[in-house]
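As structure tokens, the structure follows; a few thoughts come after it.
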Amino acid sequence: MSKKYVYQFTEGNANMRELLGGKGANLAEMTSIFGKDRVPQGFTITTEACTQYYEDGGISDEIMAEIEANITKMEEVTGKKFGDVENPLLVSVRSGARASMPGMMDTILNLGLNEEVVASIAKKSNNERWAWDCYRRFIQMYSDVVMEVGKKYFEQLIDQMKEKRGVKQDVELTADDLKELASQFKAEYKAKIGTDFPTDPKEQLMGAIKAVFRSWDNPRANVYRRDNDIPFSWGTAVNVQSMAFGNMGDDCGTGVAFTRDPATGEKKLMGEFLTNAQGEDVVAGVRTPMPIAEMAEKFPEAFKSFQEVCATLEKHYRDMQDMEFTVEHGHLYMLQTRHGKRTAQAALQIACDLVDEGMRTPEEAVAMIDPRNLDTLLHPQFDTKALKAATPIGKGLGASPGAACGKIVFTADDAVAWAEKGEKVVLVRLETSPEDITGMKSAQGILTVRGGMTSHAAVVARGMGTCCVSGCGDIKMDEENKKFELAGKTFKEGDAISIDGTTGNIYDGIIPTVDAQIAGTFGRIMAWADQFRTLKVRTNADTPADAKKARELGAEGIGLCRTEHMFFEESRIAAFREMICSDTVEEREAALEKILPMQQADFEALYEALEGNPVTIRFLDPPLHEFVPQEEEDIKKLADAQGKSVEDIKNIIASLHEFNPMMGHRGCRLAVTYPEIAKMQTRAVIRAAINVQKKHADWNVVPEIMIPLVGEVKELKYVKDVVVAAADEEIKNAGANLKYEVGTMIEIPRAALTADEIAKEAEFFCFGTNDLTQMTYGFSRDDAGKFLGAYYDKKIFENDPFAKLDQTGVGKLMEMAVKMGKEVRPDMHIGICGEHGGDPTSVEFCHKIGLSYVSCSPFRVPIARLAAAQAAINDKK
């Protein structure tokens, strides 16, 4: 039998979501629960028909024939006929993907009308106003949604008509006014499209169906899909449903309601209702609706039925429902139900309440919550009312969640200086570099013109839990003169700006923020998640403050401490620069000796913060040119300290320049050239561990030393020998009994391909997926933003490989490395510490390939804990 592309509502059910889309599956389910009397009947054209539409470049004859056969069936069921003047069938057309997709195609109501039908229904219903109201709405929606003429032209005509008649509300316009509007609308349509408005209902219907399919590929839908991991291949379904009319008079109406409060999760019916209106009036805010409770007074019968329906649906779906309904002459019709969208706070509350009410198990409650939503609980947010009233002036990438507002500053030093005076600042940069770190810490938020989700600014901001919007290319930046241009306005230092790190929106002026609130439900859900997960969760942290925050949020260790961030502090950078500019090993060792006690103190503070939990310390990774001075006066200072000329220092700096620094003299290559750096870092790590272990006999301090950027086992062996010799000497001198491990980052494809060789030397692996992705694809992650947009548009990529782990390519390398590594060392622990460690789908993949832990920035720890629990729960299924 050939594939079936169209299903009547009586033929489907809630489990057919992938085929019928969320809306279609739920309409079928409601039909089987409540019957045809409560749910206006119709049919669903499947998501597979949408995929086929894109393959064939149109609707095939086979699918067309099936649609026509189902129109005939629908006519039999309703006893009405398409285009029939005596007894016309009027329908609504709605899109419905399997995942709820705001911004997809808007609804079309009253399809099937033309002048003759309008005249006939006006006469038969004895309600001319209603008939013309339906027709003008249909022309407006069809023109806007199917032909993309744009709403505003029609809105202007309505406003002119209201002004002419001296009325405020649409409902005050008479039948003649609406009739006149309908002809104005048609003239507008012809002027814009060049042809007459279609009068044949079947032509109207095919136009609407194609428009739904087309909308699956509109820019809004594409961006939303990319942000929410929805593949293009899923497609959308189309629902054709016979109309129920809420606009036939004062005993009619339409509404939207939730079975619980979507903002707080409180168990009470929430919603809005409008009399004598159609569905889109409630959502569009054309008129101010009344609270759902008032419906009880106007329509006592319908309201009683509605309360029963709500109770039935919530019990049936065991989740909060979001419903649309219409009352036609006092009779209730249900038009849709779905799991309601909710705030993170409400999601936790509802999940806990459903467990307490016996409707869900703790396991199901954990599986119900989208881990990404937890982000908003941990950061300040904009005040909802104020945000609604504000219009964004620009948009970048929401690189680190939260809300920030303050005065604009253009340099890290200014950020520090202004913040010390008590000013709230937003640091605006072309892009940030490691030396901006102090300014980034002082700022409320960071806004950059360049860079993607894994740019320096994004990674560091997420680690600090600071709001960041990166890659807003519309900004015309003039850093030298401390000003930039955006949306036609020039912003200078000290001007106020607000940024939203969740959406990437940028606003002019100050929008008030509210602090993050972590409720008791958060602790409950997290405790359940910890019971179910098998994957450990560590954090990427370079400072005791970050480590402490991560511990509060449930981190079980540090998976990555980047030691280079410790060198940028004012007191240390000078000594480190001396080391770089030294001519002999002795001079280098003398400079490093100055840094050793500072590094040791850093590590002691980290061990203290972690209370005996594991700490992985990555040895120096970035190329040396990142540490040398750029400003004249700093170069002069360094020259004086070294007893060298400014010229000499400039030559040294020039010699460090590399054509491709990310693949240059960095990572373990530095330790091969300058083993004294690795020696100094080893001594600091081991001395710190011995001191902390002495103080806390009940802790088990086992330092994990991680050698970065290894691609060949011999280079690892060389550096490991240096580390082991220095570590063993320190332990012996201290008369201590300290265990330690030496492992490596797997971040070069060759390391993954030769993991069995490398495992002979490495006692643990940790995947650095930022670099591994970069080198596997051959993309520079700082430049990829320039061309990835074109890749999304052309459907080559569906999402950013730096934000969401590429499981096919990079994932295959990881899987191979895990398998080969464990064959050599069955008990080795293997983690991931790239940015992917906090991305839910990537966490699930890490669970699947058998990693021991994921490590992510402190504020993503709860997300990873929840995602790890969901991965374990899915595994059981």
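Out of all the residues in segment 605-615, is one or more more than 32 Å from the chain's Cα centre (by Cα), hydroxyl-bearing (Ser, Thr, Tyr) and modelled with pLDDT of 95 or more?
yes
Considering (1) over 19 Å from the mean Cα position of the chain (by Cα); (2) closer than 19 Å to Glu704 by Cα; (3) surrounded by 24 or more Cβ atoms within 10 Å (Cβ to Cβ), say which one Pro826 fails and leave the rest.
So the condition that Pro826 fails would be (3).
Please return the ranges of helices (runs of 4 or more DSSP H) entirely within segment 578-668 where 2 or more residues are within 30 Å of Lys536 (Cβ to Cβ) and either open to solvent by 20 Å² or more (accessible area, probe 1.4 Å) or out of contact with any Pro (no Cβ under 6 Å at 6 or more places or on another chain) (or both).
585-610
Return the residues of segment 82-100 that are more than 18 Å from Tyr135 (Cβ to Cβ) and either at pLDDT 95 or above or open to solvent by 20 Å² or more (accessible area, probe 1.4 Å) (or both); say none if nothing qualifies.
If we filter segment 82-100 for residues that are more than 18 Å from Tyr135 (Cβ to Cβ), which is where we start, we get 94-100.
Selection gives Arg94, Arg98, Ala99, Ser100.
I'm trying to understand the selection: among the residues of segment 628-668, which are among the polar types (S, T, N, Q), touching a helix residue (DSSP H, G or I) at 6+ places or on another chain (Cβ under 8 Å) and at pLDDT below 90?
The answer is Gln642, and nothing else.
Look through Lys720, Lys694 and report the one residue that is among the charged types (D, E, K, R), at negative phi and surrounded by fewer than 19 Cβ atoms within 10 Å (Cβ to Cβ). Walk me through it before giving the result.
Numbers: Lys720 fails: surrounded by fewer than 19 Cβ atoms within 10 Å (Cβ to Cβ).
Result of the check over Lys720, Lys694: Lys694.
Taking Arg17 and the conditions (1) open to solvent by 50 Å² or more (accessible area, probe 1.4 Å); (2) free of Cβ contacts under 8 Å to residues at least 60 places away in the same chain, which numbered condition does it fall short on, given that it satisfies the others?
For Arg17, the exception is condition (2).
Hey, among the residues in segment 762-778 that are surrounded by fewer than 18 Cβ atoms within 10 Å (Cβ to Cβ) and out of contact with any strand residue (DSSP E or B) (no Cβ under 7 Å at 6 or more places or on another chain), which one's nearest to Glu55 (Cα to Cα)?
Looking at residues that are surrounded by fewer than 18 Cβ atoms within 10 Å (Cβ to Cβ) and out of contact with any strand residue (DSSP E or B) (no Cβ under 7 Å at 6 or more places or on another chain), I get Tyr777.
Which members of segment 782-818 meet the condition of being among the hydrophobic types (A, V, I, L, M, F, W, C), under 19 Å from the mean Cα position of the chain (by Cα) and either more than 18 Å from Ser455 (Cβ to Cβ) or open to solvent by 30 Å² or more (accessible area, probe 1.4 Å) (or both)?
Phe797, Ala803 - these are the residues of segment 782-818 that are among the hydrophobic types (A, V, I, L, M, F, W, C), under 19 Å from the mean Cα position of the chain (by Cα) and either more than 18 Å from Ser455 (Cβ to Cβ) or open to solvent by 30 Å² or more (accessible area, probe 1.4 Å) (or both).
Can you tell me which residue in segment 367-388 is surrounded by the fewest Cβ atoms within 10 Å (Cβ to Cβ), limited to those that are within 16 Å of Pro862 (Cβ to Cβ) and of a type in the set (Asp, Glu)?
Looking at residues that are within 16 Å of Pro862 (Cβ to Cβ) and of a type in the set (Asp, Glu), I get Asp370.
For Glu564, are the conditions met, namely being out of contact with any helix residue (DSSP H, G or I) (no Cβ under 9 Å at 6 or more places or on another chain) and more than 16 Å from Ile686 (Cα to Cα)?
no
Among the residues of segment 203-213, is any assigned to a loop (DSSP other than H, G, I, E, B) and touching a helix residue (DSSP H, G or I) at 6+ places or on another chain (Cβ under 9 Å)?
We begin by selecting, within segment 203-213, every residue assigned to a loop (DSSP other than H, G, I, E, B); these are none.
No, the conditions are met nowhere in segment 203-213.
Only one of these conditions is not met by Pro749: (1) open to solvent by 40 Å² or more (accessible area, probe 1.4 Å); (2) at pLDDT 95 or above. Which number is it?
Here Pro749 clears every test but (1).
Collect the residues in segment 101-140 that are on the phi > 0 side of the Ramachandran plot and either open to solvent by less than 20 Å² (accessible area, probe 1.4 Å) or within 44 Å of the chain's Cα centre (by Cα) (or both), keeping them in residue-number order.
Gly103, Asn110, Gly112
Determine whether Ser242 is small (Gly, Ala, Ser) and open to solvent by 50 Å² or more (accessible area, probe 1.4 Å).
no
Can you give me the ranges of the strands (runs of 3 or more DSSP E) entirely in segment 482-532 with at least 1 residues that are among the basic types (Lys, Arg) and touching an Asp or Glu at 6+ places or on another chain (Cβ under 9 Å)?
Where strands (runs of 3 or more DSSP E) fall fully within segment 482-532 and carry at least 1 residues being among the basic types (Lys, Arg) and touching an Asp or Glu at 6+ places or on another chain (Cβ under 9 Å), they are 483-486, 489-492.
Is it true that some residue in segment 837-849 is open to solvent by less than 10 Å² (accessible area, probe 1.4 Å) and hydroxyl-bearing (Ser, Thr, Tyr)?
Yes - at least one qualifying residue is present in segment 837-849.
Consider Leu335 carefully, then state whether it is open to solvent by less than 60 Å² (accessible area, probe 1.4 Å), of a type outside the set (S, T, N, Q) and in a helix (DSSP H, G or I).
no
Looking at segment 333-347, I want the residues that are farther than 22 Å from Met30 by Cα and have a partner that is hydroxyl-bearing (Ser, Thr, Tyr) and surrounded by fewer than 23 Cβ atoms within 10 Å (Cβ to Cβ) with Cβ atoms under 7 Å, at least 6 apart or on another chain. Which pairs are those?
Ala344/Thr376; Gln345/Thr264; Ala346/Thr264
Out of Arg225, Arg220, report the one residue that is open to solvent by 30 Å² or more (accessible area, probe 1.4 Å), out of contact with any helix residue (DSSP H, G or I) (no Cβ under 6 Å at 6 or more places or on another chain), touching a residue at least 12 places away in the same chain (Cβ under 8 Å) and part of a helix (DSSP H, G or I).
Arg220
Does segment 187-195 include one or more residues that are surrounded by fewer than 17 Cβ atoms within 10 Å (Cβ to Cβ), on the phi < 0 side of the Ramachandran plot and touching a residue at least 40 places away in the same chain (Cβ under 8 Å)?
yes
Please determine, by comparing only the residues of segment 698-735 that are closer than 21 Å to Ile746 by Cβ and acidic (Asp, Glu), which one is farthest from the chain's Cα centre (by Cα).
Asp721
Out of the residues in segment 40-80 that are farther than 20 Å from Thr10 by Cβ and aromatic (Phe, Trp, Tyr), which is least open to solvent (accessible area, probe 1.4 Å)?
Tyr53
Results for (1) in contact with a helix residue (DSSP H, G or I) (Cβ under 8 Å, 6 or more places away or on another chain); (2) part of a strand (DSSP E or B), shown as yes or no for each residue.
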{"site": "Asn247", "(1), (2)": "yes, no"}
{"site": "Thr254", "(1), (2)": "yes, yes"}
{"site": "Asp261", "(1), (2)": "yes, no"}
{"site": "Lys267", "(1), (2)": "yes, no"}
{"site": "Glu297", "(1), (2)": "no, no"}
{"site": "Glu308", "(1), (2)": "no, no"}
{"site": "Asp319", "(1), (2)": "yes, no"}
{"site": "Lys341", "(1), (2)": "no, no"}
{"site": "Ala346", "(1), (2)": "no, no"}
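So Val702 clears everything in (1) open to solvent by 10 Å² or more (accessible area, probe 1.4 Å); (2) in a helix (DSSP H, G or I); (3) under 16 Å from Val742 (Cβ atoms) except one condition, right? Which one?
Only one criterion in (1) open to solvent by 10 Å² or more (accessible area, probe 1.4 Å); (2) in a helix (DSSP H, G or I); (3) under 16 Å from Val742 (Cβ atoms) is unmet by Val702, namely (2).
Considering each residue of segment 464-501, count those that are open to solvent by less than 10 Å² (accessible area, probe 1.4 Å) and either small (Gly, Ala, Ser) or touching a Lys or Arg at 6+ places or on another chain (Cβ under 9 Å) (or both), and give that number.
10
Against the condition without any contact (Cβ under 8 Å) to a residue 40 or more places away in the chain and among the acidic types (Asp, Glu), how does Asp84 come out, does it pass? Step through it out loud before you land on a result.
On the way: without any contact (Cβ under 8 Å) to a residue 40 or more places away in the chain: yes; among the acidic types (Asp, Glu): yes.
In short, yes.
The values are calculated or read from the model by the stated rules, or taken from the named source; none is laboratory data. From a predicted model like this one, the values you see are computed outputs, not experimental measurements. Quick reminder, even Gly has a Cβ in these numbers, built from the backbone with ideal geometry, and neighbours come from all protein chains shown. SASA here: full protein model, heavy atoms, side chains in, ligands and nucleic acids out. Shrake-Rupley method; radii C 1.70, N 1.55, O 1.52, S 1.80 Å.
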